[in-house]
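To start, the structure itself, in structure tokens.
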Amino acid sequence: MSAYPSDRQRGRAPHRTLIRLLANQIELRMILLIIVVMASLSLISPYFLTVSNLFNVMDQSVVVGMVALGQTLVILIGGIDLSVGSLAGVTGIVLGLASRGHGLIAGIVACLLAGAFAGLLNGVVITYGRVAAFVVTLGMMSIGRSMAYVLSNASSITELPPAIADISSGTAAGLPVNFVCLIVFYALCWWFLTYAKGGRTLYAIGSNIEAARVAGLSITLWSVLTYVASGVMSAVAAIFLASRVLSIDPIGGAGLELDAIAAVVIGGASLFGGRGSIVGTLAGVFIMVFIRNGLNLLNVSPYWQGTAIGSIIIAAVLVERLLSRSPGQR
Amino acid sequence: MHALVGANGAGKSTLSRIISGHMQPDRGRILLEGQEIHHTGSRDAIRSGIAMVTQETSLAPDLSVLENIMLPRLGMPGALRWGRLREQVRGLLAEFGDEAGLHPDALVRDLSIGQRQLVEIAKALALDSRIIIFDEPTAPLSPHESERLFDIIRRLAQRGRGLVFVSHRLEEIFAATDRVTVLREGKVVAGSVPTATLTQGELVRLMVGRELSDIYSSAATQPMTTHRTPVLTVRHLSCPPRVRDVSFDVQEGEILGLAGLVGAGRSETLETIFGLRRAISGEIELRGKPFRPRSARDAIRAGIGLVPEDRRGQGIVPDFSVRENLLLAHLGQHAGTGLGYNERSDAVRQLLDVLELPQHRLLDANMLNFSGGMQQKIILARWLVLDPRILLLDEPTRGVDIGTRSSIYALLRRIAAQGVACVVVSSDFEEVIGLTDRIVVLSDGADVTDIPSRLVDIEKLAMFAAPRSSAERTHTVLASLVQELGGVAYWIAVEQGRVYCFDRVGDDPLVDPGFAGGSFPMIEDTAIPNALMRETDDLVSDGARRTVLTRIRGRRGHSLGQVGLTMARIPPGFDATALQRRIQAMLSVSAEAA
């Protein structure tokens, strides 16, 4: 009655080990992919591998990278957060308004709290109300954008404390300081997902929530916290966005959710949850930014760039499916 | 009618799926009326007239009976003409008779399991199938429902359809089929033997390949210590809709079976104890202390483990390595922010020996690469990491091959010998009797008896487990007897000097027979030993108690026990033989109607 192949039937041909290794190691596959993308871009455009362009690329990867980090956690538990772009918009407005009256620190705190609060709302309704994440965060996406217009009276905020520019313009260890921040965030997240109980719980929830429940893991707590984290990361992204552009617009962060989801998916995560890695997401962010940058260097019309990026997303997921397909599966 | 039999995991279901096109064979041929056929999908099989009635019903619950029956038509070219389909479905349902109570427009989600089975059959008939494979159709049915199903199946056989009947219930095979093919570990060990030439014992030996007692390494060898403290006590537990009133206790080192039919509330009882469901009333006590779990974590921290019924749905985390799967419950119990995997590395190493799993497979990335039996052992071992005091196991050997089954039994015995209290839910009555020390039978969400395993056999267990809804008929007869003649009426079986009482009506202390529903005293300990000892059809006196016993039989002649009436006063003109005939008539007439 067993539908499972026995342990013995699983002998593997030796020549398939490289494919196996690539199939099993998302990180390895991603690093390989980055090298291929960088090599081909440097062949196409001599300007690509210059320091100033690379600094530019790093700078561009920060905002989407921050949002993609939160999105990775959400996708790992089998959810999705469509509200990240709008939340980056509204938390940016909160940052601008609060720092105008009470200084930059107060502005940052208010901005992070606003992100956490919106994330908490998402998480509570999804987890306790058992409403599909897609629906709840779609609603929050609309609410966030609307609040951004309401709070800002639909106009940009340009009078920001000058100190905010330091967040993006400085360097640390020879690299842009905002990029260093991104790497630190990712390193912390990697530690959390690999060595902390909470991180493994997220994987378990995404892989088999019922098994996680029976094993006594704190499913509701970690599910809610995941959405809170995603909200907070949107706020973090808003801060870095403001420090780079030095003006806050209520339309800020528009479309960010799609870039973030694309990066996570290119990074090898499964939208059904349980599978994915933070290193993969970082690689996904780089690949997206590299390709945009490359297309710009090649003077490809921005109208065509969407087609290029979209094709790459689909191709990446298709390859992922083919590699992770178990034998005998139709 | 051809029976395809074999123990759990012998490959019966897989073979049926291949024949009906749900799975592809690697090698070998299938001949239909002498022609070789190749199916690339179930649609091909349907075209060649082969249909399967599956174990877990494959109906769409939100569609009507009509739509479900006609579902395979949606996969065929051409437009649907609902008017004609409706006529056809009416005709099909009429074959089942009015008592089936099926209406074409009823939603499948509102039907009982038995009715759904009939819809499945109608679906197979609608395709004009010449060959229908029934994959353990009676597993979820009550005895009366199965009997009705058999009548329908037999009628189909008479109309010249080829029927393959997959089962491991011996009594059904002998009652209903013409020939038997026995599978063992994926191979045919006896092909197309006429059923009549086999005895039950021979068939069991063919299925199992050895004596049954070897598999269960015999509960009797274990000393039955009785005066130990209960580790877990459950009193009047209620968690609607399935669990209504369940009481039992388990002692240290004991294996307790929770037997009953599907839907009797066994799994739900375990889940309530484990904190996955909230009880609305009743008490759970752990070593005498009240215990009200609010989550699985509470139960785990109190030393309880649960091996769930649905291994894939509730057990395995497919994206985790074997090691992390082994340590999943540890993670649930662990209090720190880190993983604490290293503190458990000794325990994990020891468990690998128990599981007979080599060290290098510990990091195997995909749990689904293992056989069902090994997966189950790993999930069981997940709890052993934590040294639980109580282990709850829900159908621990479902979908597990016979070899691994006996190693799971051995493992459970070893755990119990270390003092762990085990509660095993199983639908396999043979397994419950062979594995456990004591059995609590649940029926419709309430415990009906609590009996040592050595005192019970499969048939009596089935009578205890009969759902109240189908035992209702007997109950009505008992009640009408008491109303008419007074005294106490009961439904019992007598075997080897012991009375097993399934139901009793009337509480007149003057004529108390000395047993009640769910009890099983020795004959000499009852108040009516004369009546029970004497195999006579007459009125027998035990002091002031006068008793008439009536044997009742199913329509295929198997014994369904006896109905008894004990009275203090004999009404004038009383005729024992007439009463017996009336009781027999009442029970068999209503059987016809049911």
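Taken together, the values in this text are just the output of simple stated rules run on the coordinates, not laboratory data. These numbers were taken from a predicted model, which means no experiment stands behind them. Here the Cβ is made from the backbone with ideal geometry for all residues, glycine too, and neighbour counts use every protein chain on show.
Look at A:181, A:111 and count the other Cβ atoms within 10 Å of each Cβ; fewest to most, that gives A:181, A:111.
Only lysines eight or more places from residue B:123 in sequence, or on another chain, were considered; those with a Cα closer than 28 Å are B:12. Report, to the nearest 10°, how far helix A:278-297 tilts away from the longest principal axis of the Cα atoms in chain A, using its own Cα long axis and a range of 0 to 90°. The angle comes out near 60 degrees. Quick one: angle between helix A:104-128 and the longest Cα principal axis of chain A, in degrees between 0 and 90, rounded to 10, please. Taking the Cα atoms of chain A, the angle to A:104-128 is about 40 degrees.
Once you have a ≥ b ≥ c as the square roots of the Cα gyration tensor eigenvalues for the protein assembly as shown, tell me rounded if a/c is under 1.5, and otherwise prolate or oblate according to whether a/b is larger than b/c. Show your work: numbers first, answer last.
On the way: a/c = 2.30, a/b = 1.94, b/c = 1.18.
Prolate shape, in that a/c is at least 1.5 and a/b is the bigger ratio.
What the Cβ-Cβ distance of residue B:235 and residue B:60 gives, at R0 = 51 Å and to the nearest 0.05, is a FRET efficiency of 0.80.
Quick one: grab the alpha carbon gyration tensor of chain B, order the square roots of its eigenvalues as a ≥ b ≥ c, and give me rounded if a/c is under 1.5, else prolate or oblate depending on whether a/b is larger than b/c. Oblate shape, in that a/c is at least 1.5 and b/c is the bigger or equal ratio. Just to confirm a number: summing +1 for Lys and Arg and -1 for Asp and Glu over residues other than residue B:88 whose beta-carbon lies under 11 angstrom from that of residue B:88, what do you get? Here the charged neighbours net out to +3.
Relative contact order for chain B using alpha-carbon pairs under 8 Å, separation at least 6, rounded to a whole percent? Don't jump to the answer; show the numbers that get you there.
Working: 1099 pairs, mean separation 71.4, N = 594.
The normalised contact order for chain B reaches 12 percent.
Count charges around residue B:75 for me, please; just the other residues with Cβ under 12 Å from its Cβ, Lys/Arg as +1, Asp/Glu as -1. Kindly include the intermediate steps, with their values, before the conclusion.
On the way: positive: B:43, B:47, B:73; negative: B:44.
That sum, taken over residues with Cβ under 12 Å, equals +2.
Would you be so kind as to identify which of A:243, A:220, A:183 lies farthest towards the positive end of the dipole of segment A:183-281, taking Lys and Arg as +1 and Asp and Glu as -1 on Cβ and the Cα centre as origin? Result: A:220, furthest along the dipole toward the positive end. Under 5 Å from the amide H of residue B:6 lie the amide H atoms of B:167, B:183, each residue being 5 or more positions distant or on a separate chain, with H modelled from the backbone and absent for Pro and chain starts.
DSSP beta bridges in the protein assembly as shown, what fraction antiparallel, as a percent rounded to 5? Walk me through the numbers before you get to the answer.
Details: 54 of 89 bridges.
So the antiparallel bridges in the protein assembly as shown amount to around 60 percent.
The residue list B:32, B:115, B:63 was ranked by how far each Cα lies along the charge dipole of segment B:2-141 toward its positive end, using unit charges on Cβ atoms, and B:32 comes out on top.
With a 10 Å Cβ neighbour count serving as the proxy for reagent exposure, in which order, fewest first, do A:233, B:76, B:1, B:367 appear? Don't skip to the end; give the middle numbers.
On the way: A:233 30, B:76 11, B:1 20, B:367 25.
So the residues, fewest neighbours to most, are B:76, B:1, B:367, A:233.
One equal scatterer on each Cα of segment A:188-330, no solvent, Debye formula: the resulting log10 I(q)/I(0) at q = 0.14 Å⁻¹ is -0.84.
Which of the trypsin sites (Lys or Arg not before Pro) found in segment B:33-94 are in a DSSP loop and have at most 14 neighbouring Cβ atoms, other than their own, within 10 Å?
Values: sites: B:43, B:47, B:73, B:81, B:84, B:86, B:90; in loops: B:81.
The qualifying sites are B:81.
Report D for chain A in µm² per second (integer): Stokes-Einstein, Kirkwood Rh on Cα pairs, 10 °C, 1.306 mPa s. Estimated diffusion coefficient is 76 µm²/s. Taking the longest Cα principal axis of chain A as reference, the axis of helix A:84-102 is set at about 30 degrees.
Legend: mean number of C-beta atoms from other chains within 10 angstrom of residue C-beta atoms, peptide A:200-210, equals 5.
Label positions at residue B:287 and residue A:190, each projected 7 Å from the Cα along the C-beta direction, are separated by 4.6 nm.
Report the longest stretch of chain B that contains none of the GluC sites (Glu not before Pro) sitting in a DSSP loop with at most 16 other Cβ atoms within 10 Å.
Values: sites that count: B:33, B:56, B:185, B:211, B:356, B:535.
With GluC sites (Glu not before Pro) excluded where exposed in loops, chain B gives B:357-534 as its longest stretch.
When all alpha-carbon pairs of segment B:471-570 are counted, what percent fall beyond 19 Å? Please list the in-between numbers first.
On the way: 1679 of 4950 pairs.
Across segment B:471-570, Cα pairs with separations above 19 Å total 34 percent.
For chain A, the 222 nm mean residue ellipticity estimated from helices alone, with every DSSP H stretch of n ≥ 4 adding -39500 (n - 2.57) and the total spread over all residues, rounds to -24000 deg cm²/dmol.
Taking the Cα centre of chain B as origin and assigning +1 to Lys and Arg Cβ atoms and -1 to Asp and Glu Cβ atoms, the resulting dipole is close to 1020 debye.
Over all other residues within a Cβ to Cβ distance under 14 Å of residue B:294, the charged ones net out to +4, with Lys and Arg as +1 and Asp and Glu as -1. Coupling constants for segment A:51-58 follow from the phi torsions by the Karplus curve (6.51 cos²θ - 1.76 cosθ + 1.60, θ = phi - 60°), and in residue order they are 4, 5, 5, 5, 4, 4, 4, 4 Hz; glycine and proline get x.
When N counts the residues of segment A:90-137, how does its alpha-carbon radius of gyration compare numerically with 2.2 N^0.38 Å, as a ratio?
Details: Rg = 13.6 Å, N = 48, 2.2 N^0.38 = 9.6 Å.
After normalising by residue count via 2.2 N^0.38 Å, the value is 1.42.
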